[in-house]
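Asker: Below: one structure in C-alpha cells.
The values are calculated or read from the model by the stated rules, or taken from the named source; none is laboratory data. Everything quoted here is computed from the prediction, not taken from an experiment. Note that each Cβ is placed from the backbone with ideal geometry, even for glycine, and that neighbours are counted across all protein chains shown.
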2 protein chains.
Amino acid sequence: MAVGLEIPSVLYPVKGFKLGIASAGIKKVGRKDLVIMQCAEGATVVGVFTRNAFCAAPVLLSKEHLARNTNIHYFITNTGNANAGTGKQGLKAAIDVCQALADATNLDKEAILPFSTGVIGEPLPVEKIKVAIPEALNDLKEDNWLKAAEGIMTTDTTPKGASIRFQHEDKVVTVTGISKGAGMICPNMGTMLGYIATDADVAKPVLQALLEDATNKSFNRITIDGDTSTNDSCILVATGQADLPTINQAQGEYYDKLKMAIFSVAMELAQAIVRDGEGATKFVTVEVNGGKTHQECLDVAYAVAHSPLVKTALFASDPNWGRIVAAIGYSKLEQLDVSKVDVFLGSVQIVSEGERAISYTEEQGSAVMQQAEITIRIELNRGQCREVIWTTDLSHEYVKINAEYRT
Amino acid sequence: MAVGLEIPSVLYPVKGFKLGIASAGIKKVGRKDLVIMQCAEGATVVGVFTRNAFCAAPVLLSKEHLARNTNIHYFITNTGNANAGTGKQGLKAAIDVCQALADATNLDKEAILPFSTGVIGEPLPVEKIKVAIPEALNDLKEDNWLKAAEGIMTTDTTPKGASIRFQHEDKVVTVTGISKGAGMICPNMGTMLGYIATDADVAKPVLQALLEDATNKSFNRITIDGDTSTNDSCILVATGQADLPTINQAQGEYYDKLKMAIFSVAMELAQAIVRDGEGATKFVTVEVNGGKTHQECLDVAYAVAHSPLVKTALFASDPNWGRIVAAIGYSKLEQLDVSKVDVFLGSVQIVSEGERAISYTEEQGSAVMQQAEITIRIELNRGQCREVIWTTDLSHEYVKINAEYRT
C-alpha cells in the first residue's frame with residue numbers, strides 16, 4: 001500500500017558499475033536475497049553509516065575497510081538477516097563472507113564492503129551465502145539495477161530506484177541509485193540501505209562531502225517511527241568512466257550539475273522509503289520555517305512527525321490541530337512565543353498567532369487531510385532558518401505488521 | 001481494559017478539605033463534569049504545571065494566582081473542554097469562571113485555581129459552568145474523594161485514587177489524592193491532573209519542594225505516548241488540621257513519614273494513570289542502572305519506552321530483544337560501550353555484554369512477555385546512577401481510540 005510509489009520505469013546503467021543477484025535461501029528458498037555489486041578499477045567509494053551505538057557487524061567492517069583501503073571493488077549485501085547484536089561471532093561471520101568473495105575474485109578481503117539487513121540477533125548463515133556467491137558473480141551486469149533493487153528488499157512492497165542523466169560539454173553523465181525501506185522492517189529490525197553510483201570522476205574528499213550533504217537533506221530527513229536502525233548505510237560510487245575531467249573541488253558548473261543530480265536521486269530514494277513505510281497510508285511533509293537555528297526547526301519537525309497522536313490523526317484524516325500545536329509546545333524550544341506561531345495544512349491556515357485561525361473551518365481542514373500527500377507547514381516567526389522532513393501516518397497496519405509478524 | 005487497576009476501596013477524608021461534584025452538561029447531559037474543592041482557612045497550597053509552551057489558559061491563571069496569593073481557597077475543575085489553544089478569549093473564560101465562584105463565595109477571584117481537561121481549541125462553555133457552581137458548592141463534603149475522582153475523568157476507564165494514614169506521636173495524619181489519565185485523552189488532547197491533600201501543617205517552601213520531589217519520582221516518570229499535554233497540573237494541599245506542629249524544615253522523623261506517605265500516594269496515582277493508558281494491555285517498568293548521570297539513565301529509559309517497535313512487541317508479547325538494544329543504541333549516550341550492556345526481561349537475562357545471553361531461550365522470554373506486568377531492566381555498567389519509569393504497550397486499541405474517536 002505504498003503512497004504514490006511505482007516500480008521505477010528507467011534505471012540507466014552506470015559505466016563501470018555492475019550488479020549481480022542470486023538466491024542464497026537465507027529465509028526463503030528461491031528468493032533473490034544476495035546482491036553483489038562490482039566497481040571497476042579506479043572507482044572512488046565513500047559511505048555514511050548509522051550512528052546507532054549497537055551498530056551491526058557489517059557496518060563496523062565496512063567502515064573499517066573504507067578507512068583502511070582506497071581500493072574498494074565489491075559490495076555484498078544479504079537480506080533476511082541483519083547480523084546485528086551478534087557480537088564477536090557476527091564480526092567473524094561478516095569477515096568470512098568478505099573472505100569468500102575475496103577468494104572468488106582474487107582480491108584482498110579489505111576490497112569488499114559487506115551489508116546485511118533483516119532479523120537482529122540471529123547467526124548469519126555464512127555457508128548459504130558462500131554457496132551463492134558464484135551465481136551472483138556470474139550475473140554481474142551494468143543493466144541489473146532493478147533486479148538488485150528487488151534483491152535488497154525485505155518487507156518493502158515496491159522496489160525503489162531513481163536515475164538521472166545530464167549533459168556536460170559533449171558527454172552524458174549518469175547518476176543511478178537504489179534503496180530499501182526503513183520502517184524498521186523485517187520484523188525484528190529494519191535497515192535503510194542506499195547505493196548510488198555515477199560515472200563521473202570525483203576526488204574522494206569531494207565525494208565524501210557530497211554524500212554527507214546529500215544524505216543530510218534526504219535520508220537523514222525521513223522518519224517512519226523514530227527508530228534508528230542498527231544497519232543503516234548509504235554508499236556513493238564514482239566510477240570515473242564518463243570520460244570527463246576529475247572533480248577535485250566542490251565548485252564549478254560540472255560539480256554543481258553533478259551535485260544537483262546526486263541530491264535529486266538521494267531525495268527520490270529517501271522519499272520512496274517513506275512512501276513505502278510500514279502501514280503507511282499518507283506521505284507527509286513537515287516544513288518548519290522561521291526558526292533561529294536549523295536544529296530548532298528539526299526539533300519542532302521531529303516532535304510533530306513522531307507524535308503518535310498527530311500520526312493517528314493523519315491516519316484518520318482528522319484535522320486535529322490541537323495535537324500539532326501541543327507537539328510544537330513540547331519540542332523544548334527556549335522561550336518560544338506561541339502567540340507568533342502560524343500553522344498551515346496544505347494551503348489552509350489552521351493556526352494564526354497561536355490560536356485557531358478565524359478564517360479556518362473544519363471542512364477546509366478535512367479536505368486537506370483526505371489527501372494522500374499532506375504538507376504541515378509551521379511558521380515559528382523568530383528567525384531565518386528552515387528545515388523539511390518527511391514522514392508517514394500511524395495506522396492499524398503498522399501495529400499489525402510490527403506486533404503480529406515474526407519470522 | 002486497565003491493567004491491574006480497581007476502583008479505590010478506601011479514600012480517607014482529609015480534615016479541612018472538601019469536594020463537591022455537579023453536572024454542567026459540558027459535553028454530555030447528566031454527566032458529572034464539574035468538581036469544586038475547598039481548602040479550609042489556613043491551608044497551604046502548592047502546584048507544579050506542564051512545561052508545554054502551548055499551555056492552557058487555566059494553567060496560566062493557576063500559576064499566576066499561586067504566585068500572587070498565599071490564600072488559595074477553592075479549585076474548580078471541568079472536564080470535556082481543555083480551554084487550550086484558545087488565546088485571549090480562553091484566558092477571559094478562565095477568569096470569568098473564577099469570578100463566578102468568587103462571587104458565590106464572597107472571595108477574591110485570586111483565591112481560586114481553575115483547571116480544565118478535554119478537547120483543545122474549542123471555547124469553554126462558561127455559562128454552563130456558572131449555572132452548575134451552586135450545585136457543586138452544596139455538595140461539598142470531606143468524604144467525596146471517590147465521586148470527585150469520577151468527576152474529573154475523561155476517557156479514563158476507572159477512577160484513580162490513593163490514600164495513606166500514618167501515626168505521629170498520638171495523632172493520625174492522612175494523605176489522600178486523586179488523579180486522571182494521561183493517554184492524551186479525549187480524543188483531542190489529554191490532561192494529567194492530580195490533587196493530593198494532607199491534614200499535616202507544612203510551611204509553603206517545604207511543601208513546594210516536597211511536591212516537586214514527589215512528582216519527579218512519579219508523574220514525571222510516566223509516559224504513555226510521549227506527548228506532553230498542555231494542561232498537566234498537580235496540586236498539593238496541607239490543611240494543617242491534624243493538630244500537630246508545623247513542619248518548617250525538610251528533616252526530622254515527622255517530615256520523613258509525611259514525605260514517604262506523599263511519595264507513596266503520588267506514585268500510586270501516577271502508576272494508575274499508566275495502568276489505564278489508552279489501549280494499554282501491559283504495565284511496563286523500565287529500569288536503567290549503572291548510568292554515569294541520572295539524565296543518561298532517563299535518556300535510555302525514554303528511548304526504550306517511546307520506541308513504537310518496542311511497544312508493539314510488548315503488545316504482541318514478543319520477546320523481541322533486538323528492538324530494545326536498538327533503542328538503547330540510538331539514545332545518544334556519549335561513547336556507550338555496548339559490550340558492557342546487559343538487559344533483563346523480568347528475571348530472565350536476554351542480553352549479556354551486548355550480545356544475546358548464552359543461557360537465554362525464546363521460551364523464557366515469551367513466558368515473561370505473556371505477563372500483564374513486565375519489567376525491562378537495563379544495566380549500562382558505566383556509573384552509579386539509576387532511574388525508573390513506567391509505560392504501556394502500543395495496541396490496536398490505542399490507534400483505534402486516537403484515530404477513530406472524535407467529539
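Asker: Any idea which of B:42, B:4 is touching a strand residue (DSSP E or B) at 6+ places or on another chain (Cβ under 9 Å), surrounded by fewer than 17 Cβ atoms within 10 Å (Cβ to Cβ), part of a loop (DSSP other than H, G, I, E, B) and not aliphatic (A, V, I, L, M)?
Answerer: B:4
Asker: Could you list, in sequence order, the residues of the stretch A:63-79 that are surrounded by 24 or more Cβ atoms within 10 Å (Cβ to Cβ) and touching a Gly at 6+ places or on another chain (Cβ under 9 Å)?
Answerer: A:77, A:78, A:79
Conditions (1) touching a Phe, Trp or Tyr at 6+ places or on another chain (Cβ under 9 Å); (2) free of Cβ contacts under 8 Å to residues at least 12 places away in the same chain; (3) more than 24 Å from residue B:211 (Cβ to Cβ); (4) among the hydroxyl-bearing types (Ser, Thr, Tyr), marked per residue:
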position	(1), (2), (3), (4)
B:102	yes, yes, yes, no
B:112	yes, no, no, no
B:130	no, no, yes, no
B:134	no, no, yes, no
B:156	no, no, no, no
B:169	yes, no, yes, no
B:178	yes, no, no, no
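Asker: When residue B:349 is evaluated against the numbered criteria (1) in contact with a Phe, Trp or Tyr (Cβ under 6 Å, 6 or more places away or on another chain); (2) assigned to a strand (DSSP E or B), which criterion, by number, is the only one it fails?
Answerer: Checking residue B:349 against (1) in contact with a Phe, Trp or Tyr (Cβ under 6 Å, 6 or more places away or on another chain); (2) assigned to a strand (DSSP E or B), the one that fails is (1).
Asker: While we're looking at this one, here's another question. Just to be sure, is residue A:14 closer than 30 Å to residue A:166 by Cα, in contact with a Cys (Cβ under 6 Å, 6 or more places away or on another chain) and crowded, with 19+ Cβ neighbours inside 10 Å? Explain how you work it out, then say what you get.
Answerer: Numbers: closer than 30 Å to residue A:166 by Cα: yes; in contact with a Cys (Cβ under 6 Å, 6 or more places away or on another chain): no; crowded, with 19+ Cβ neighbours inside 10 Å: yes.
No.
Asker: Which of the residues that make up the stretch A:128-172 are at pLDDT 95 or above and either basic (Lys, Arg) or over 23 Å from residue A:28 (Cβ atoms) (or both)?
Answerer: Matches in the stretch A:128-172: A:128, A:130, A:140, A:141, A:142, A:143, A:147.
Asker: Specify the residue that is nearest to residue A:314 (Cα to Cα); the eligible residues are those in the stretch A:356-377 that are away from chain B (no Cβ under 12 Å) and in contact with a helix residue (DSSP H, G or I) (Cβ under 8 Å, 6 or more places away or on another chain). Full working, then the answer.
Answerer: So in the stretch A:356-377, the residues away from chain B (no Cβ under 12 Å) come out as A:359, A:361, A:363-364, A:367-368, A:370-377.
Those left that are additionally in contact with a helix residue (DSSP H, G or I) (Cβ under 8 Å, 6 or more places away or on another chain): A:374, A:376.
Values: A:374: 9, A:376: 11 Å.
In this case the residue turns out to be A:374.
Asker: Could I ask something else about it? Enumerate the pairs (first residue in the stretch B:312-331 and at positive phi; second residue anywhere and part of a helix (DSSP H, G or I) and surrounded by fewer than 24 Cβ atoms within 10 Å (Cβ to Cβ)) with beta-carbon separation below 8 Å, excluding pairs fewer than 6 apart on the same chain, so at least 6 apart or on different chains.
Answerer: So the pair list comes out as B:317/B:366; B:317/B:369.
Asker: Please go through the stretch B:321-340 and pick out each residue that is touching a Ser or Thr at 6+ places or on another chain (Cβ under 9 Å) and within 8 Å of chain A (Cβ to nearest Cβ).
Answerer: The first filter runs over the stretch B:321-340 and keeps only residues touching a Ser or Thr at 6+ places or on another chain (Cβ under 9 Å), leaving B:322-327, B:329-330.
Those that are touching a Ser or Thr at 6+ places or on another chain (Cβ under 9 Å) and within 8 Å of chain A (Cβ to nearest Cβ): B:322, B:323, B:325, B:326, B:327, B:329, B:330.
Asker: Moving on. How about the stretch A:335-367: which of its residues are over 29 Å from the mean Cα position of the chain (by Cα) and either at pLDDT below 85 or polar (S, T, N, Q) (or both)?
Answerer: So the first thing to find is which residues in the stretch A:335-367 are over 29 Å from the mean Cα position of the chain (by Cα), and the list is A:335-342, A:348-367.
Correct list: A:335, A:339, A:349, A:352, A:359, A:361, A:364, A:366.
Asker: Okay, next question. Given the conditions (1) of a type outside the set (S, T, N, Q); (2) surrounded by 17 or more Cβ atoms within 10 Å (Cβ to Cβ); (3) facing chain B (nearest Cβ under 8 Å), and given that residue A:400 satisfies all but one, which numbered condition is not satisfied?
Answerer: Unmet for residue A:400, out of (1) of a type outside the set (S, T, N, Q); (2) surrounded by 17 or more Cβ atoms within 10 Å (Cβ to Cβ); (3) facing chain B (nearest Cβ under 8 Å): (2).
Asker: Can you name the condition, by its number, that residue B:348 falls short on among (1) surrounded by fewer than 24 Cβ atoms within 10 Å (Cβ to Cβ); (2) within 11 Å of chain A (Cβ to nearest Cβ); (3) aliphatic (A, V, I, L, M)?
Answerer: (2)
Asker: Same structure, new question: Any idea which of B:214, B:203 is of a type in the set (A, V, I, L, M, F, W, C) and buried (at least 24 other Cβ atoms within 10 Å of the Cβ)?
Answerer: B:214
Residues are listed down the side, and each one gets a yes or a no for (1) part of a strand (DSSP E or B); (2) under 24 Å from residue B:310 (Cβ atoms); (3) assigned by TED's automatic domain parsing to the domain that holds residue A:144; (4) at pLDDT 90 or above:
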site	(1), (2), (3), (4)
A:189	no, yes, yes, no
A:208	no, no, yes, yes
A:215	no, no, yes, no
A:220	no, yes, yes, no
A:225	no, yes, yes, no
A:230	no, yes, yes, no
A:237	yes, no, yes, yes
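Asker: Turning to a different aspect of this structure: Looking at (1) within 7 Å of another protein chain (Cβ to nearest Cβ); (2) out of contact with any helix residue (DSSP H, G or I) (no Cβ under 8 Å at 6 or more places or on another chain); (3) assigned to a loop (DSSP other than H, G, I, E, B), which is the one condition that is false for residue B:394?
Answerer: (2)
Asker: Something else about it: Within the stretch B:244-292, which residues are of a type in the set (A, V, I, L, M) and surrounded by fewer than 21 Cβ atoms within 10 Å (Cβ to Cβ)?
Answerer: B:244, B:250, B:260, B:267
Asker: Do we have any residue at all in the stretch B:84-95 that's more than 14 Å from chain A (Cβ to nearest Cβ) and out of contact with any Leu (no Cβ under 8 Å at 6 or more places or on another chain)?
Answerer: So far as the stretch B:84-95 goes, no, none of its residues is more than 14 Å from chain A (Cβ to nearest Cβ) and out of contact with any Leu (no Cβ under 8 Å at 6 or more places or on another chain).
Asker: Show the residue pairs that are 6+ apart or on different chains and have beta-carbon atoms under 9 Å apart, the first residue being within the stretch A:17-30 and within 12 Å of residue A:78 (Cα to Cα), the second being at pLDDT below 95 and surrounded by fewer than 18 Cβ atoms within 10 Å (Cβ to Cβ).
Answerer: A:23/A:29; A:23/A:30; A:23/A:31; A:24/A:31; A:25/A:31; A:27/A:407
Asker: All but one of (1) within 14 Å of chain B (Cβ to nearest Cβ); (2) in contact with a helix residue (DSSP H, G or I) (Cβ under 6 Å, 6 or more places away or on another chain); (3) touching a residue at least 40 places away in the same chain (Cβ under 8 Å); (4) not hydroxyl-bearing (Ser, Thr, Tyr) hold for residue A:389, so report the exception by its number.
Answerer: Tallying (1) within 14 Å of chain B (Cβ to nearest Cβ); (2) in contact with a helix residue (DSSP H, G or I) (Cβ under 6 Å, 6 or more places away or on another chain); (3) touching a residue at least 40 places away in the same chain (Cβ under 8 Å); (4) not hydroxyl-bearing (Ser, Thr, Tyr), residue A:389 fails exactly one: (1).
Asker: When residues of the stretch B:296-338 are filtered for being in a helix (DSSP H, G or I) and of a type in the set (S, T, N, Q), how many remain? Don't jump to the end; show me each part of the working.
Answerer: Taking the stretch B:296-338 first, the residues in a helix (DSSP H, G or I) are B:296-306, B:308-315, B:321-329, B:338.
Keeping just the survivors that are of a type in the set (S, T, N, Q) gives B:312.
Number satisfying all stated conditions: 1.
Asker: Is at least one residue of the stretch B:119-138 farther than 23 Å from residue B:86 by Cβ, buried (at least 17 other Cβ atoms within 10 Å of the Cβ) and in contact with a Cys (Cβ under 9 Å, 6 or more places away or on another chain)?
Answerer: Checked the stretch B:119-138: no residue is farther than 23 Å from residue B:86 by Cβ, buried (at least 17 other Cβ atoms within 10 Å of the Cβ) and in contact with a Cys (Cβ under 9 Å, 6 or more places away or on another chain).
Asker: When you check residue B:314 against the structure, is it over 24 Å from residue A:312 (Cβ atoms) and either among the aromatic types (Phe, Trp, Tyr) or in contact with a strand residue (DSSP E or B) (Cβ under 7 Å, 6 or more places away or on another chain) (or both), yes or no? Even if it seems obvious, please write down each step before you answer.
Answerer: On the way: over 24 Å from residue A:312 (Cβ atoms): no; either among the aromatic types (Phe, Trp, Tyr) or in contact with a strand residue (DSSP E or B) (Cβ under 7 Å, 6 or more places away or on another chain) (or both): yes.
No.
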